[in-house]
Amino acid sequence: MAEITAQLVKELRERTGAGMMECKKALTEANGDLAEAEVILRKKGIAAAHKKSSRTTQQGLIATYIHPGGQLGVLVEVNCESDFVARTEDFITLTRDLAMHIAAANPLYLRKEEVRPELVEKEMEIARDRAINEGKPQRAHDAIVKGRLDKFYEEVCLLEQPFVKESTLTIDQLIKTKIAKLGENITIARFARYKVGDGSSAAPAVSESTVSE
């Protein structure tokens with residue numbers, strides 16, 4: 001069994017925001033492997049977030065991001081359960097990070113269920129035709145189409161996108177880690193991205209959606 005040092009616990013806390021005892025337990029379970037301990041904590045955070053996903057979120061903040069030069073801007077509404085959590089530094093930082101991410105990654109939808117069915121069908125058709133043209137065996141076509149459709153969702157859906165500040169986390173996973181840490185449900189209600197001279201870049205308005213599977 002590897003020694004679980006105070007320095008290891010401190011580093012894991014800084015990476016995940018989890019409590020000291022939770023970090024120590026995760027490191028013990030992972031036999032001192034920092035990366036594996038982080039995965040363990042993320043999985044526990046996702047499980048905890050799922051239990052809170054049905055709670056109503058009627059508090060929160062609207063965050064803004066204006067890119068230097070003033071030609072690109074974002075508005076995003078992020079909700080939580082209480083005004084107390086909305087005023088915490090963790091929640092404020094989350095909303096700012098989400099606004100910055102939307103500016104950089106330009107999502108068109110909040111979640112994959114909101115993508116128009118005809119657009120999904122078109123992407124599947126393109127992926128299948130590519131597989132045929134590339135000479136892929138027919139038995140592999142369904143898996144190839146699914147993989148390319150997942151990649152498409154990753155490009156256009158906010159919750160599926162890798163977080164620009166930490167690509168090992170999707171936005172969905174990022175929010176779930178904050179739910180686990182803050183103890184309240186957190187949802188993205190809506191967002192819009194504006195770029196001077198390109199009206200089509202504004203994301204469509206979206207209804208409130210919980211971040212859960």
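The values are calculated or read from the model by the stated rules, or taken from the named source; none is laboratory data. All figures in this text were calculated on a predicted structure; none of them were measured in a lab. Please note: Cβ atoms are built from the backbone with ideal geometry, for glycine as well, and neighbour counts cover all protein chains shown.
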Residue match in region 120-127 (condition: in a helix (DSSP H, G or I), out of contact with any strand residue (DSSP E or B) (no Cβ under 8 Å at 6 or more places or on another chain), under 18 Å from residue 161 (Cα atoms) and not assigned by TED's automatic domain parsing to the domain that holds residue 163): yes
Tally, over region 153-167, of residues that are in a helix (DSSP H, G or I) and in contact with an Asp or Glu (Cβ under 9 Å, 6 or more places away or on another chain): 5
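For every residue, the table says whether it meets (1) surrounded by 15 or more Cβ atoms within 10 Å (Cβ to Cβ); (2) among the charged types (D, E, K, R); (3) modelled with pLDDT of 85 or more; (4) at negative phi.
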| position | (1), (2), (3), (4) |
| --- | --- |
| 179 | yes, no, yes, yes |
| 186 | yes, no, yes, yes |
| 191 | yes, no, yes, yes |
| 194 | yes, no, yes, yes |
| 204 | no, no, no, yes |
| 211 | yes, no, no, yes |
Residue satisfying condition, being closer than 26 Å to residue 92 by Cα, of a type outside the set (Lys, Arg), assigned to a helix (DSSP H, G or I) and free of Cβ contacts under 8 Å to residues at least 60 places away in the same chain, within set 150, 172: 172
Test: residue in region 21-36 that is under 25 Å from residue 155 (Cα atoms), modelled with pLDDT of 85 or more and not in a helix (DSSP H, G or I): no
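How many of the residues in region 125-136 are under 18 Å from residue 153 (Cα atoms), surrounded by fewer than 16 Cβ atoms within 10 Å (Cβ to Cβ) and not β-branched (Val, Ile, Thr)?
Residues flagged as under 18 Å from residue 153 (Cα atoms), surrounded by fewer than 16 Cβ atoms within 10 Å (Cβ to Cβ) and not β-branched (Val, Ile, Thr) within region 125-136 amount to 2.
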Residue in region 79-95 that is nearest to residue 60 (Cα to Cα), counting only those that are of a type in the set (S, T, N, Q) and assigned to a helix (DSSP H, G or I): 95
Among (1) assigned by TED's automatic domain parsing to the domain that holds residue 170; (2) over 16 Å from the mean Cα position of the chain (by Cα); (3) free of Cβ contacts under 8 Å to residues at least 24 places away in the same chain - the single one residue 136 does not satisfy: (1)
Some residue of region 44-60 being over 17 Å from residue 177 (Cβ atoms) and modelled with pLDDT of 90 or more: yes
Any chance residue 142 is over 18 Å from residue 63 (Cα atoms), at pLDDT below 90, of a type in the set (Asp, Glu) and outside any strand (DSSP E or B): yes
